[in-house]
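Engineer: Dropping the structure in here first, questions after.
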């Protein structure tokens with residue numbers, strides 16, 4: 001046992017260490033799970049968010065309109081429409097009950113409809129006071145006159161249109177319409193108990209929870225004589241956005257004694273009427289004893305012999321209407337026949353045999369048009385027709401009891417997958433991971449919907465999108481902070497103007513090593529080492545800091561990047577981190593301005609009686625390797641390459657030839673702001689071929705003033721390389737007459753003289 005505990009402790013310690021390492025590596029990316037925390041209450045159904053619920057409705061509407069739309073008409077159901085043409089022919093609504101009796105008789109007797117459903121409520125008697133009054137007068141005058149008495153009875157019978165309608169509908173497969181209301185008086189209290197769906201006795205034993213089923217205490221049915229007929233509820237549940245997506249499968253009416261009875265919808269009542277032997281029973285969900293839950297309404301079970309039909313509902317007793325498509329006669333999903341055509345007998349006898357007929361109206365003024373996902377003016381009778389067609393097909397859309405659990409599971413799976421996918425992903429990978437997760441969610445939802453399951457989607461999509469947005473935001477802030485650190489770091493080497501430009505254009509620079517054409521400069525203080533030996537360390541520090549600060553200002557003005565300080569030497573390059581197409585000219589201008597700065601500095605030192613200082617500068621242009629280089633302990637943004645090494649070799653040549661600046665041939669070719677003068681061909685360490693040395697002569701704008709000297713110096717250069725020493729001497733004499741103070745001419749003259757003395761020439 002002890003050994004087992006020891007092994008378990010070692011295992012736990014190792015895993016805790018691994019998790020701790022994971023947390024440390026992830027760092028701030030645990031913030032990506034914040035959407036999961038915020039969306040959990042909505043997914044679990046504890047605290048619904050209205051905006052997400054609206055998104056779920058919008059997604060449901062999209063699925064319904066794209067996946068459920070069908071072509072062709074359902075031949076089993078016919079809609080008789082009291083349309084505009086019928087009203088023009090038979091007068092305004094409401095029609096006389098004898099007209100409705102004629103319509104019902106035509107449909108049931110002549111056309112042989114199997115079931116007639118009336119999307120109409122005859123709530124009040126017709127109330128004709130003229131002809132009944134005539135009948136009463138005749139009755140008063142009839143006395144013992146049998147003929148008048150007979151006439152009086154006939155008149156009263158003929159003029160009682162309500163009775164005529166009752167006679168037309170009695171003993172016929174007819175379902176009347178009725179409305180239930182949460183409050184208010186009922187036209188008959190209670191509704192006919194004989195028509196109530198039987199509630200199983202087990203419901204009370206299970207402690208059924210009816211709290212979600214709206215309790216209706218008001219009721220509007222048909223007038224006396226019609227109220228004993230089977231009826232169906234015409235109610236519809238309207239969502240907060242004003243759209244009809246559900247109709248009640250059953251309605252719960254609570255009487256004064258608190259007794260609940262259930263009554264069918266019009267569609268369910270018509271189906272029950274079409275199957276007279278069928279038994280209909282309210283079905284309950286199993287009670288969850290583990291959680292102490294109670295059974296609740298789950299649907300209706302209809303059985304006829306061995307055949308059973310399960311019609312699901314939510315805990316409100318409502319069913320989702322599987323609309324076939326856009327409504328109205330023009331859509332062609334159901335056959336529409338004008339009531340005027342029926343009354344005129346334009347249909348051959350038996351044309352509707354075996355058909356289930358719903359009578360209603362599509363006239364806008366009669367207020368039976370509904371806003372649905374397909375149409376904002378959808379005929380109410382087609383809503384019932386769509387529900388009835390779904391019952392006949394056995395194809396339903398169901399929001400299952402486990403919808404909330406499914407949503408929570410989706411959130412957990414998606415958040416975990418997205419966290420792993422996004423935690424260390426770049427922008428492109430993050431986009432693909434997010435797109436893949438969204439595609440999986442949408443694909444799964446579409447597959448479930450095709451199977452008749454309506455599951456919430458919005459919370460999952462909001463999670464995916466919000467985690468991606470949060471990842472992008474965090475990555476941006478992280479990159480911004482890192483870029484700010486880099487920019488701050490570069491601020492020690494790069495001019496402030498370049499730092500701002502780097503911040504504005506992060507895509508234009510990178511720490512990754514790359515090759516590009518650049519210009520590099522080495523600037524050294526001559527004889528400073530000997531001078532520093534006589535100075536205190538603090539004095540050396542103050543001197544170098546003060547001088548380098550002045551030099552840095554000049555370098556900054558010309559977009560240079562300070563690579564490093566090497567004792568009393570400074571290394572500067574142009575062309576990185578930001579590209580600089582004019583890097584060679586900027587380098588030369590910097591060097592000349594540094595020489596001018598040193599002249600001003602020496603003027604101050606001369607007044608103080610201090611020794612003068614001189615700068616030796618070497619510049620070269622070429623392909624260099626630039627980037628963040630070094631070890632894990634110390635790194636530096638620097639340049640490497642043969643062109644850099646050549647620049648370092650050119651700096652001592654400046655001392656040798658007493659020139660303020662020596663450049664390589666590539667710099668002389670690239671720096672077009674200046675005229676360049678050949679200085680010498682020399683060997684440098686690491687190169688087999690001779691290297692041309694050049695010094696700035698004058699700005700390009702002054703080229704005409706130096707035309708004679710340039711021609712003579714080119715001739716001298718050619719004679720020197722050809723070793724024509726006499727010609728060299730002649731040309732130097734002429735050049736010294738042109739510019740007697742030119743240091744380079746004098747140095748070359750001294751060089752020729754020394755060669756003659758040593759008998760080299």
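Engineer: Would region 586-597 turn up any residue that is farther than 18 Å from residue 651 by Cβ and over 56 Å from the mean Cα position of the chain (by Cα)?
Structural biologist: yes
Conditions (1) in contact (Cβ under 8 Å) with a residue 40 or more places away in the chain; (2) under 17 Å from residue 77 (Cβ atoms); (3) in the same structural domain as residue 214 (by TED's automatic domain parsing); (4) surrounded by fewer than 17 Cβ atoms within 10 Å (Cβ to Cβ), marked per residue:
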site: 281; (1), (2), (3), (4): yes, no, yes, yes
site: 297; (1), (2), (3), (4): yes, no, yes, no
site: 300; (1), (2), (3), (4): yes, no, yes, no
site: 313; (1), (2), (3), (4): yes, no, yes, no
site: 321; (1), (2), (3), (4): yes, yes, yes, no
site: 329; (1), (2), (3), (4): yes, yes, yes, no
site: 346; (1), (2), (3), (4): no, no, yes, yes
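Engineer: Within region 569-610, track down each residue that is closer than 15 Å to residue 517 by Cβ, in contact with a strand residue (DSSP E or B) (Cβ under 6 Å, 6 or more places away or on another chain) and not in a helix (DSSP H, G or I).
Structural biologist: Once the filter is applied, which keeps residues that are closer than 15 Å to residue 517 by Cβ, in contact with a strand residue (DSSP E or B) (Cβ under 6 Å, 6 or more places away or on another chain) and not in a helix (DSSP H, G or I), region 569-610 yields 573, 574, 575, 576, 580.
Residues are listed down the side, and each one gets a yes or a no for (1) at pLDDT 60 or above; (2) more than 51 Å from the chain's Cα centre (by Cα):
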| position | (1), (2) |
| --- | --- |
| 167 | yes, yes |
| 178 | yes, no |
| 184 | yes, no |
| 187 | no, yes |
| 192 | yes, yes |
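Engineer: Given the criterion in the same structural domain as residue 100 (by TED's automatic domain parsing), at negative phi and outside any helix (DSSP H, G or I), identify the matching residue among 353, 387.
Structural biologist: Numbers: 387 fails: outside any helix (DSSP H, G or I).
353 is the lone residue from the list that is in the same structural domain as residue 100 (by TED's automatic domain parsing), at negative phi and outside any helix (DSSP H, G or I).
Engineer: Moving to a separate point now. Assess whether residue 551 counts as being in contact with a helix residue (DSSP H, G or I) (Cβ under 7 Å, 6 or more places away or on another chain), under 22 Å from residue 662 (Cβ atoms) and assigned to a helix (DSSP H, G or I).
Structural biologist: On the way: in contact with a helix residue (DSSP H, G or I) (Cβ under 7 Å, 6 or more places away or on another chain): yes; under 22 Å from residue 662 (Cβ atoms): yes; assigned to a helix (DSSP H, G or I): yes.
Judged against the criteria, residue 551 is a match.
Engineer: Which one of these is exposed (fewer than 13 other Cβ atoms within 10 Å of the Cβ), assigned by TED's automatic domain parsing to the domain that holds residue 604 and touching a strand residue (DSSP E or B) at 6+ places or on another chain (Cβ under 9 Å): 562, 555, 525, 566? If you could, list the steps in order and put the result at the bottom.
Structural biologist: On the way: 562 fails: exposed (fewer than 13 other Cβ atoms within 10 Å of the Cβ); 555 fails: exposed (fewer than 13 other Cβ atoms within 10 Å of the Cβ); 525 fails: exposed (fewer than 13 other Cβ atoms within 10 Å of the Cβ).
After applying the criteria, what remains is 566.
Engineer: Taking the condition at pLDDT 75 or above, outside any helix (DSSP H, G or I) and more than 20 Å from residue 466 (Cβ to Cβ), does residue 47 pass?
Structural biologist: Numbers: at pLDDT 75 or above: yes; outside any helix (DSSP H, G or I): yes; more than 20 Å from residue 466 (Cβ to Cβ): no.
No.
Engineer: Still on this model: Quick one: count up the residues across region 232-254 that are part of a strand (DSSP E or B) and crowded, with 18+ Cβ neighbours inside 10 Å. Explain how you work it out, then say what you get.
Structural biologist: Kept after step one, since they are part of a strand (DSSP E or B), are these residues of region 232-254: 232-233, 237-238, 244-248, 250-254.
Those still in the list that are crowded, with 18+ Cβ neighbours inside 10 Å too: 232-233, 244-248, 250-253.
The total comes to 11.
Engineer: If you don't mind, there's one more thing I want to ask. Are any residues in region 53-83 in a helix (DSSP H, G or I) and buried (at least 18 other Cβ atoms within 10 Å of the Cβ), and if so, which ones?
Structural biologist: Of everything in region 53-83, those that are in a helix (DSSP H, G or I) and buried (at least 18 other Cβ atoms within 10 Å of the Cβ) turn out to be 56, 59, 60, 63, 64.
Engineer: Okay, next question. Which of the residues belonging to region 348-387 are touching a strand residue (DSSP E or B) at 6+ places or on another chain (Cβ under 7 Å) and without any contact (Cβ under 8 Å) to a residue 12 or more places away in the chain?
Structural biologist: Matches in region 348-387: 369 only.
Engineer: List the pairs whose first member sits in region 680-695 and is touching a residue at least 40 places away in the same chain (Cβ under 8 Å), whose second member is assigned to a loop (DSSP other than H, G, I, E, B) and surrounded by fewer than 16 Cβ atoms within 10 Å (Cβ to Cβ), and whose Cβ atoms are under 8 Å apart, counting only residues at least 6 apart or on separate chains?
Structural biologist: Once the first residue is touching a residue at least 40 places away in the same chain (Cβ under 8 Å) and sits in region 680-695, its partners that are assigned to a loop (DSSP other than H, G, I, E, B) and surrounded by fewer than 16 Cβ atoms within 10 Å (Cβ to Cβ) give 681/690; 691/683.
Engineer: Is one or more of the residues making up region 696-718 under 20 Å from residue 660 (Cβ atoms), in contact (Cβ under 8 Å) with a residue 40 or more places away in the chain and assigned to a helix (DSSP H, G or I)?
Structural biologist: Scanning region 696-718 turns up no residue that is under 20 Å from residue 660 (Cβ atoms), in contact (Cβ under 8 Å) with a residue 40 or more places away in the chain and assigned to a helix (DSSP H, G or I).
Engineer: Collect the residues in region 401-454 that are assigned to a loop (DSSP other than H, G, I, E, B) and under 30 Å from residue 294 (Cβ atoms), keeping them in residue-number order.
Structural biologist: Passing the criteria: 401, 402, 451, 452, 454.
Yes or no, residue by residue, for (1) at pLDDT below 90; (2) under 25 Å from residue 575 (Cα atoms); (3) surrounded by 19 or more Cβ atoms within 10 Å (Cβ to Cβ):
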{"residue": "633", "(1), (2), (3)": "yes, no, no"}
{"residue": "640", "(1), (2), (3)": "yes, yes, no"}
{"residue": "678", "(1), (2), (3)": "no, no, yes"}
{"residue": "692", "(1), (2), (3)": "no, yes, no"}
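Engineer: Kindly indicate which of 622, 599, 627, 575 is assigned by TED's automatic domain parsing to the domain that holds residue 519, touching a helix residue (DSSP H, G or I) at 6+ places or on another chain (Cβ under 6 Å) and either in contact (Cβ under 8 Å) with a residue 60 or more places away in the chain or within 21 Å of residue 699 (Cβ to Cβ) (or both).
Structural biologist: Working: 599 fails: touching a helix residue (DSSP H, G or I) at 6+ places or on another chain (Cβ under 6 Å); 627 fails: touching a helix residue (DSSP H, G or I) at 6+ places or on another chain (Cβ under 6 Å); 575 fails: either in contact (Cβ under 8 Å) with a residue 60 or more places away in the chain or within 21 Å of residue 699 (Cβ to Cβ) (or both).
After ruling out the rest, the residue left standing is 622.
Engineer: Only one residue in 429, 367, 376 is surrounded by fewer than 22 Cβ atoms within 10 Å (Cβ to Cβ) and at positive phi, so which one is that?
Structural biologist: Values: 429 fails: at positive phi; 376 fails: at positive phi.
Exactly one of 429, 367, 376 is surrounded by fewer than 22 Cβ atoms within 10 Å (Cβ to Cβ) and at positive phi, namely 367.
The values are calculated or read from the model by the stated rules, or taken from the named source; none is laboratory data. What you see is a predicted model, and the numbers here were worked out from it, not measured in a lab. Neighbour counts run over all protein chains shown; Cβ positions are idealised from the backbone, glycine included.
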